[in-house]
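Encoded as structure tokens, the structure appears first; notes follow it.
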Amino acid sequence: MKVFSPDELSVIRVAGRGGEGTVYEVTTPAGERLAYKRYHPDVLSQRGVDLERKLRAMLTNPPHVPSGGMDHAALLWPIAIVMLESNFYGFCMPLLSDTNLKLVSIVDARGRQRSAREDWTWAARLVICHNLCIALSALHSVGAAYGDLNEENAVVNRDGLVTLLDLDSISLQTTDGTYYPGSGATRDDWRPPEYSESSVFTQDGDSWALAVQIYMLLMESTRPYSASGVGYPPVEAVRRGTFPVLDPSLLPPRSSPPLDLLPPSLRALFKRTFGAGKDRPELRPRASEYATAITAILGTLRSCPDVPSHVWAPPRTVCPWCERNRSAHDQPPHQNQIRIPQVFSGGQLAESSARSAPPQSTESTAQQPLKRKSRTGRVIAGVGCAFLIIAILLVIVVMAGTLMLLSSF
């Protein structure tokens, strides 16, 4: 187990402040750059002993997160604890790049984070959902439950790779039977029904919150329990079961994409989560099931012949985004920029055409990056150059004809 003293860590800058502590960017004696979370004195006086025990347990049982050969931390798992003699101060973890986006800036396409969000196509959102599932599945593999899984507690880089934050707040059940409880309160929007009567974090509770998150990412911020003409608060809506995916008489809000945008395999998983799984948490699909379904969907995507960034999955045959634009005269905000995924193929990244369906992944257990460059953009640039050359030739021809005409006089 790696242990640093505070004096060994050279502070570069303050990276963030929160209710429990301050996060510093530091360098170690070996020159490694890490993030160091130093807890506030009042937190240490109240919970320091429990935090130290849980962090030591986490250090001895780290999860394996498949990364496809990429240098990426899907979980900000502790790397070392910080002690001075017998006094516990905090822990070190991987350092995140400042270019990462909070997941909320992608989920909340129209709201308070609009200025911060980037344009992400539906294909890119599917990849983000897949990568979120992979990160959560790795966390679950070591007996942990995240608890407060919401859009504020994850970040996404420009390649669509996801990182879960604040892992010192998780609950953990070790192989020797020791249980370390989680901390923090869950938000109403993502809270599973059983959490209203219990504050104990469970993996089944994570499965509920994950399903809500995936639904919102793919349905432009719409909650799965939001229905047209129904305005209950989240907890009451869940209690009453106002899920359009379960009840054909309910429709998603007018601002939402059509429900048939969701492929049958995903709708089936949502029905298991919000239907039978509402009262029986053990029946909810786990993150690995969602990852498998999304991997299969990524291999079947269709691209619109008119707008290549518009993608969808069978059995739908008509572009839902163009259809929606014609009826609402409103371009979906995340469909402007072409972002087609790259997927793993034998350990190498395989390029996919902007007009063809991305190939199916052969490594569904690793996070999948997004394609950064657009082939359509290169085609447009080439056409523009061709028109410029033709225009120059026409000018030369006209000038030559004018000179010949003048010389004849």
Count of residues meeting criterion [farther than 19 Å from PRO41 by Cβ and either assigned to a strand (DSSP E or B) or of a type in the set (Val, Ile, Thr) (or both)] in region 5-21: 4
Test for ALA30: is it over 26 Å from TYR180 (Cβ atoms) and not in a strand (DSSP E or B): yes
Subset of region 136-152 (residues that are crowded, with 23+ Cβ neighbours inside 10 Å and either acidic (Asp, Glu) or modelled with pLDDT under 95 (or both)): GLY147, LEU149
Considering residues of region 120-159 that are part of a loop (DSSP other than H, G, I, E, B) and touching a Lys or Arg at 6+ places or on another chain (Cβ under 8 Å) only, the residue nearest to CYS304 (Cα to Cα): THR121
Total residues in region 285-317, condition within 17 Å of MET219 (Cα to Cα) and in a loop (DSSP other than H, G, I, E, B): 6
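Okay, residues lined up against (1) outside any loop (DSSP other than H, G, I, E, B); (2) buried (at least 19 other Cβ atoms within 10 Å of the Cβ):
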site: LEU172; (1), (2): yes, yes
site: GLY177; (1), (2): no, no
site: ASP206; (1), (2): yes, yes
site: TYR225; (1), (2): no, yes
site: GLU236; (1), (2): yes, no
site: ARG239; (1), (2): yes, no
Test set (1) surrounded by 15 or more Cβ atoms within 10 Å (Cβ to Cβ); (2) at pLDDT 95 or above; (3) assigned to a helix (DSSP H, G or I) - GLU282 fails condition number: (1)
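The rows are residues; the columns are (1) surrounded by 14 or more Cβ atoms within 10 Å (Cβ to Cβ); (2) among the β-branched types (Val, Ile, Thr); (3) touching a residue at least 40 places away in the same chain (Cβ under 8 Å).
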residue: ARG13; (1), (2), (3): no, no, no
residue: ARG17; (1), (2), (3): no, no, no
residue: ALA30; (1), (2), (3): no, no, no
residue: LYS37; (1), (2), (3): yes, no, yes
residue: ASP42; (1), (2), (3): no, no, no
residue: ARG56; (1), (2), (3): yes, no, yes
residue: THR60; (1), (2), (3): no, yes, yes
residue: ILE79; (1), (2), (3): yes, yes, yes
residue: VAL82; (1), (2), (3): yes, yes, yes
The one condition in (1) over 23 Å from the mean Cα position of the chain (by Cα); (2) farther than 30 Å from TYR146 by Cα that SER309 fails to fulfil: (1)
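Per-residue answers, yes or no, for (1) farther than 21 Å from GLN367 by Cα; (2) touching a residue at least 24 places away in the same chain (Cβ under 8 Å); (3) outside the structural domain of ARG38 (by TED's automatic domain parsing):
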site	(1), (2), (3)
SER137	no, yes, yes
HIS140	no, yes, yes
GLY143	no, yes, yes
GLU152	no, yes, yes
LEU172	yes, yes, yes
ALA185	yes, yes, yes
ARG191	yes, yes, yes
SER196	yes, yes, yes
VAL212	no, no, yes
Yes/no for THR202 being among the hydroxyl-bearing types (Ser, Thr, Tyr), touching a helix residue (DSSP H, G or I) at 6+ places or on another chain (Cβ under 6 Å) and more than 23 Å from LEU251 (Cβ to Cβ): no
Filter pass, ASP247 being surrounded by fewer than 17 Cβ atoms within 10 Å (Cβ to Cβ), farther than 28 Å from SER137 by Cα, modelled with pLDDT under 95 and not assigned by TED's automatic domain parsing to the domain that holds ALA227: no
Pick from region 188-204, criterion in a helix (DSSP H, G or I) and of a type in the set (Ser, Thr, Tyr), ranking: surrounded by the fewest Cβ atoms within 10 Å (Cβ to Cβ): SER196
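The values are calculated or read from the model by the stated rules, or taken from the named source; none is laboratory data. Since we're looking at a predicted model, the values are computed, not measured. Quick reminder, even Gly has a Cβ in these numbers, built from the backbone with ideal geometry, and neighbours come from all protein chains shown.
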